[in-house]
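Trainee: Sharing a structure below in structure tokens format, with a few things to ask.
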There are 2 protein chains.
Amino acid sequence: MTVLSDLEIARAAHTDPIGEVAARAGIGPEHLELYGNDVAKISLDAVTAHEDRPRAKYIVVTAITPTPLGEGKTTTAVGIAQGLERIGRRSMLALRQPSMGPTFGIKGGAAGAGHSQVLPMEKLNLHLTGDFHAITAAHNLLAAMIDNHLHQGNELDIEPHSVSWRRVVDINDRALRNVIVGLGSRIDGVPRETGFDITAASEVGVILSLATSLKDLRARLGRIVIGYNRAKQPVTAEDLHAAGSMTVILRDALKPNLLQTTENTPVLIHTGPFGNIATGNSSVVADQIGITSSDYLLTEAGFGSDMGAERFFNVKCRVSGLHPDAAVMVVTVRALKTHSGRYTVVPGKPLPEGMTLDNPDDVWAGAPNLRRHIEIVRGFGVTPVVALNLFPGDHDDEIDVVRRIAEECGAHFAASTHVVDGGAGAAELARAVVAACQEPTRFRYTYRLEASLADKIEAVATGVYGADGIDIAPAAAKELTHFQQLGYGHFPVVIAKTHLSLSHDAALKGAPTGWRLPVREVRAAVGAGYVYAICGDMRTMPGLGRHPAAERIDIDENGETVGLF
Amino acid sequence: MTVLSDLEIARAAHTDPIGEVAARAGIGPEHLELYGNDVAKISLDAVTAHEDRPRAKYIVVTAITPTPLGEGKTTTAVGIAQGLERIGRRSMLALRQPSMGPTFGIKGGAAGAGHSQVLPMEKLNLHLTGDFHAITAAHNLLAAMIDNHLHQGNELDIEPHSVSWRRVVDINDRALRNVIVGLGSRIDGVPRETGFDITAASEVGVILSLATSLKDLRARLGRIVIGYNRAKQPVTAEDLHAAGSMTVILRDALKPNLLQTTENTPVLIHTGPFGNIATGNSSVVADQIGITSSDYLLTEAGFGSDMGAERFFNVKCRVSGLHPDAAVMVVTVRALKTHSGRYTVVPGKPLPEGMTLDNPDDVWAGAPNLRRHIEIVRGFGVTPVVALNLFPGDHDDEIDVVRRIAEECGAHFAASTHVVDGGAGAAELARAVVAACQEPTRFRYTYRLEASLADKIEAVATGVYGADGIDIAPAAAKELTHFQQLGYGHFPVVIAKTHLSLSHDAALKGAPTGWRLPVREVRAAVGAGYVYAICGDMRTMPGLGRHPAAERIDIDENGETVGLF
């Protein structure tokens, strides 16, 4: 596909001093904190300082239902930003920060690919400016204060079995999923069963992504419910006097990070909440900064439009007050072929042989998935642009099928070779985005906040996923009633389900019909401000494989990092 | 003592741009990575680039046996550096990075005090540049790879009960001291008992403090022994293919951080290994950079001269190849009074009433401790300077007693009011340091590396602590033999004991005689390169108190951090 590896391209790319990148975006040194020459944090003062500036067009980058390999949404978003610059538009990009843990798991980084990458790739995929570490520290301080409270006499009368606040580490560590803590002698705490999630699953990270100011961050952290007392009333981080310290730990992490693409387009990297149980979007404050710093702001939402984009629309946009002008739907030939139901893609193994052959019929057979995702975006009143991320083995007549599907749906369409050609390869796609942004939008949510929690879940299941209805397990129904009583009824909802199908069943490809969404369990993320419904097995702590990437990552003779990509 | 609080002084202090601070120390922008305006990392290239420059006088800052309150060693080191500048000498300071966990425990920061502080205090006591987070991540990645290895079939035939590599967090969290991991189902790992230490106790941190280059770091990480296989042979991080990834995680953390004092003197902050079970000194590379960047380099060693300074001499100096010209012995009136054995000091409570009265006899009664510490330093062939850190309630005739004790021992002496007066208050002390550095030194170690491990432990116990001998428990003796067989016999030794007495018993004040050191257990830190003998209960994971500082730390109306100091 490319003669040079991603790593070689990244190393050969010229980076501008980050202060220059910021200056081009109208962000002055008074709002920057440098972290080396190529990364800076942007002060939140920039939001108010720039509020009178013209607003950028706002584009969410989403995808059809992906294969387990991912369809190159990040690199396509990078390519479009680069392409917009090529056609003379000032653009900016807002992406999630990759979690460090998985870097040492199956694969290396999440910095884009080829000539559409984010630099510096090593920093991006490791500590960056330490925001994930701050989330880990704040999260675990609260956990320590909970166990300390139990140990010191339990004044708040916390029911130990009700404590749902676990600990987090940013490492794939399956042995920490279920643990017993507090063993030893009387001075070593109170024994109880709990566990660790990966940091990207932390509610603290979601809070950071939704907070609009340091004060809002403080207030949201205080509202975190860690469990219940014996009178079944919620116990909060505020009750434990933990929220102030958590805020102090997170104060720098609230500032978005500025990096650049391989073509020096500014990129905001900020927060990275999980796309399955959490919101799967980058931060509100990053978008608020980006919206006054460019003509076109692209923001990426995790997984397909049923996942990250639905939460972008129904959760994030409500908080930010920003409404998108267009949605880019990333699609690949291989993903459409998978939605034919004829092939199974397994990470770490070559694609099934038949998939690589020229077979337009496979693409047609997968079309219902793309059509459904276009409908989802239209359901929010937003103009869709189908972006075909080209791979070297893609056949012309297959590409043409994707174009025809998109055009039959009335969507804008362009294929893009940004991975090989950078922004030049995405110029046509960039023009399609510009055209889409000129169309009028009538943005609307899937549900009103005043609806009941169950109705909101049903609205997403039927209106977005295409389910016939929902089946709520009795315990979950009881908990929903409890949540309504506790005053959580006005929250938006997040539905935790597989990202590999529009349904809750990863095996159902295409656009499944005639199914109902089973709600097994419901939980409240009170600090973040949503209720989430668990539909299927949600893994919140990955494991390492037999031979994880960590075994290959190293330094070479010259001290350069190898194996990261 | 001061009208302004430490926090108010810190906020009011003028900081120079850190690039200017570096430039005054002869460190150019080509060796700096800025982290904001007031913190920078220094590239290790500076060591070789500057190796032809003149060498600074090298002074270790140590103390008599402290009370549990600490005797202001950091602030005195800061004061001397400021005082040296006042009398026209270019000075530099190398300090350990404080661990973030305890900041939220009993007390706030470790940034000095009053007008002799390190700035910026908030960064110093929280994330700084993320080095501790990197240690945590690298340490826990190895732990995850161990449990993953057990889960994936245990090819190396690791005996699970022999695994001594625990996990770490930088939080006081007693509930994590003893845990069972790997619970759940077959896919959730192999159940076993283990635990968490605080990050400052991590061998990875000690390795970082002793590594002389990225390659040396890589090699030391590879030599970490995590446990044994069923043939009782050591299993290393290299065997698990973890050392490369750990190095990549730590590559930025190997670079020392540059900050400044309240009077803009350059301060190197780097690594912070525990002073009880580990080396308790800042890094070799920080000292190697500082030695060519000033006329006087002060480096602080943890606790009393029996603890951090002994390891500074016998462990750190062997690695760095640097030999000190003088040792500053920090002493307080209150500590000497405590060594009379007539008073008990309890953290968080007021001093016993009698201690605050004018009573020179109490000071005389504590003199044996100071005399012994002066002898310890002399034993290494290094010139001692007794530095009396003055407190507002100290009485003139008590101060005079300290002077007489020091002078009777032939040591240089000065009292210092740096906390109230900054460098001006430490000018006399700075002159004493300059005078001491003009005396010839004949540096010598306590033992030769060729001696047996038991002989080395005995040499420290008798030659440094003043014990009559050592008593090695049978299991420990067997383990020492095992270590000799495994080729660890050439390592230096670290003796893990209380810092509150020259002996292993915190209750024995002054200069205890007629006692023997009981060695309960021995362990090998093979990556760091030493064997440590455990004499008494060593806590490697603190707990939070009933009302930890975390409950008071917060942001105020203006978003400023409060409660940190």
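The values are calculated or read from the model by the stated rules, or taken from the named source; none is laboratory data. Note that the structure is predicted; figures quoted are calculated from it, not measured. Here the Cβ positions follow ideal geometry from the backbone for every residue, glycine too, while neighbour counts run over all protein chains shown. These area figures cover heavy atoms from the full protein model, side chains too; ligands, DNA and RNA do not enter into them. Shrake-Rupley method; radii C 1.70, N 1.55, O 1.52, S 1.80 Å.
Trainee: Note the per residue figure in Å³ for the convex hull of the C-alpha positions in the range B:453-534.
Mentor: 79
Trainee: Work out the FRET efficiency for A:Lys478 and A:Ser162 from their Cβ-Cβ distance, taking R0 = 22 Å, and round it to the nearest 0.05.
Mentor: The computed FRET efficiency comes out at 0.90.
Trainee: Collect residues whose amide H, placed 1.01 Å from N in the peptide plane, falls under 5 Å from the amide H of B:Leu517; neighbours closer than 5 in sequence don't count.
Mentor: B:Asp468, B:Gly469, B:Ile470, B:Asp471
Trainee: How are the C-alpha pair distances of the range A:74-149 spread across 5 Å bins, as whole percents from the shortest bin up?
Mentor: With a bin width of 5 Å, the distribution comes to 3, 14, 18, 18, 14, 11, 9, 6, 3, 2, 1, 0.
Trainee: Please list A:Lys509, A:Lys41 in order of solvent-accessible area, largest first, computed with a 1.4 Å probe with all protein chains present.
Mentor: I get A:Lys509, A:Lys41, largest accessible area first.
Trainee: Over the heavy atoms of B:Arg404, what accessible area does a 1.4 Å probe trace out, to the nearest 10 Å²?
Mentor: 120
Trainee: Right, here's the next one. Can you give me the Kirkwood hydrodynamic radius for the protein assembly as shown, using every pair of distinct Cα atoms, in Å to one decimal?
Mentor: 30.9
Trainee: Angle check, please: helix B:396-408 long axis (alpha carbons) against the longest principal axis of chain B (alpha carbons), in degrees 0 to 90, nearest 10.
Mentor: Relative to chain B, helix B:396-408 is tipped by roughly 70 degrees.
Trainee: Which whole-number percent of Cα pairs in chain B have a distance greater than 46 Å?
Mentor: That fraction is 10 percent.
Trainee: In Å and from the alpha-carbon atoms only, list the Rg and Dmax of the range B:1-111.
Mentor: Rg, Dmax (Cα atoms, Å): 16.4, 46.
Trainee: Once amide H atoms are built 1.01 Å from N in the peptide plane, which residues 5 or more positions from A:Tyr530, or in another chain, come under 5 Å H to H?
Mentor: Placed amide hydrogens put A:Ala525 under 5 Å from A:Tyr530.
Trainee: Ok, one more. The range B:42-89 to the range B:196-246: how many Å between their Cα centroids?
Mentor: Each part's Cα centre sits 29 Å from the other's.
Trainee: Next question, about the same structure. Using only Cα atoms, locate the centre of the range B:434-460 and the centre of the range B:515-560, then give the distance between them in Å, rounded to an integer.
Mentor: Here the answer is 27 Å between Cα centres.
Trainee: Let me ask another. Could you state the number of Å between the C-alpha centres of the range A:114-153 and the range B:378-413?
Mentor: Spelled out, the Cα-based centre of one part sits 46 Å from the other.
Trainee: Which percent, nearest 5, of DSSP beta bridges in the protein assembly as shown are antiparallel?
Mentor: 45
Trainee: Quick check on the range B:453-534: of the DSSP beta bridges with both residues there, what percent are antiparallel, nearest 5%?
Mentor: Rounded to the nearest five, the antiparallel share is 40 percent.
Trainee: Take every Cα pair under 8 Å in chain B that's 6+ residues apart, average their separations, divide by the length, and report that relative contact order as a whole percent.
Mentor: Relative CO of chain B lands at 21 percent.
Trainee: In the range A:137-244, what % of DSSP beta bridges are antiparallel (nearest 5)?
Mentor: 70
Trainee: Using θ = phi - 60° and the Karplus relation 6.51 cos²θ - 1.76 cosθ + 1.60, list the HN-Hα couplings for the range B:367-380 in order, rounded to whole Hz, with x at every Gly or Pro.
Mentor: Per residue, the Karplus-derived 3J(HN,Hα) values read 3, x, 5, 4, 4, 4, 5, 5, 4, 4, 4, 4, x, 8 Hz.
Trainee: Which parts of the range A:527-565, residue by residue, lose 50 Å² or more of accessible area when the rest of the protein chains are there, as against the chain isolated (1.4 Å probe)?
Mentor: With the partner chains in place, the range A:527-565 has these residues losing at least 50 Å²: A:Leu544, A:Arg546, A:Glu551, A:Asp554, A:Ile555.
Trainee: Checking an interface number: how much accessible area is buried between B and A, summed over both chains, with a 1.4 Å probe, in Å² rounded to 100?
Mentor: 5700
Trainee: When each copy gets a label point 7 Å from Cα toward the beta-carbon at B:Arg230, what are the spacings between them in nm, shortest first?
Mentor: Its label point is 4.9 nm from the equivalent points in the other copies.
Trainee: Just to check I understand the Karplus step: with θ = phi - 60° and J = 6.51 cos²θ - 1.76 cosθ + 1.60, what whole-Hz values come out for the range B:191-197, glycine and proline as x?
Mentor: Per residue, the Karplus-derived 3J(HN,Hα) values read x, 7, 8, 7, x, 10, 10 Hz.
Trainee: What ³J(HN,Hα) values, in whole Hz, does the Karplus curve 6.51 cos²θ - 1.76 cosθ + 1.60 give for the range B:119-125 when θ = phi - 60°, with x put for Gly and Pro?
Mentor: 10, x, 5, 5, 4, 4, 8
Trainee: Got a sec? What order do B:Cys317, B:Cys409 fall in by accessible area at 1.4 Å, biggest, i.e. largest, first?
Mentor: If we order B:Cys317, B:Cys409 from most to least accessible, we get B:Cys409, B:Cys317.
Trainee: Averaged over its residues, how many other protein chain Cβ atoms are within 10 Å of peptide A:390-403's Cβ atoms?
Mentor: The mean count of partner-chain Cβ atoms within 10 Å per residue comes to 0.
Trainee: Sticking with this structure for a sec: Show the residues, 5+ positions off or on another chain, whose built amide H is closer than 5 Å to the amide H of A:Val385.
Mentor: For A:Val385, the qualifying residues are A:Ala327, A:Val328, A:Met329.
Trainee: Okay, next question. Just to verify a number: what accessible area does B:Glu458 come out at with the full protein assembly present, 1.4 Å probe, Å² rounded to tens?
Mentor: Result for B:Glu458: roughly 70 Å² accessible.
Trainee: Related question: Using a 1.4 Å probe, what is the accessible area per residue for the range B:310-366, in Å²?
Mentor: I get 36 Å² per residue for this part.
Trainee: Send over the Kirkwood Rh of the range A:317-382, from the inverse of the averaged 1/r over different Cα pairs, rounded to one decimal Å.
Mentor: 13.8
Trainee: Among B:Asp537, A:Asp216, what's the order by accessible area (1.4 angstrom probe), most exposed first?
Mentor: Greatest to least solvent exposure: B:Asp537, A:Asp216.
Trainee: Computed over the Cα atoms, what is the radius of gyration of the range B:399-540 divided by 2.2 N^0.38 Å, N being its residue count?
Mentor: Scaled against compact globular proteins, the figure is 1.34.
Trainee: Also: Let me make sure I get this right: for the range A:352-432, a, b and c are the square roots of the gyration tensor eigenvalues over alpha carbons, sorted descending. Under 1.5 in a/c it's rounded, otherwise prolate if a/b > b/c, else oblate. Which is it?
Mentor: The shape class here is oblate.
Trainee: Rounded to the nearest 500, what is chain A's calculated 222 nm mean residue ellipticity when only DSSP H runs of at least 4 contribute -39500 (n - 2.57) each, over all residues?
Mentor: Rounded to the nearest 500, the figure is -9000 deg cm²/dmol.
Trainee: Can I ask one more? What are the nm distances, shortest first, from B:Gly487 to its equivalents in the other copies, labels at 7 Å along Cα→Cβ?
Mentor: 6.6
Trainee: To the nearest 10 square angstrom, what accessible area does A:Tyr445 show with a 1.4 Å probe?
Mentor: 80
Trainee: Ok, one more. Sort shortest first the distances from A:Pro29 to its counterpart in every other copy, using label points 7 Å along the Cα-to-beta-carbon line, and give them in nm.
Mentor: Counterpart label points of A:Pro29 in the remaining copies fall at 0.9 nm.
Trainee: While we're here: Does the range B:133-250 classify as rounded, prolate or oblate by the C-alpha gyration tensor (a ≥ b ≥ c root eigenvalues; a/c under 1.5 gives rounded; else a/b over b/c gives prolate, otherwise oblate)?
Mentor: oblate
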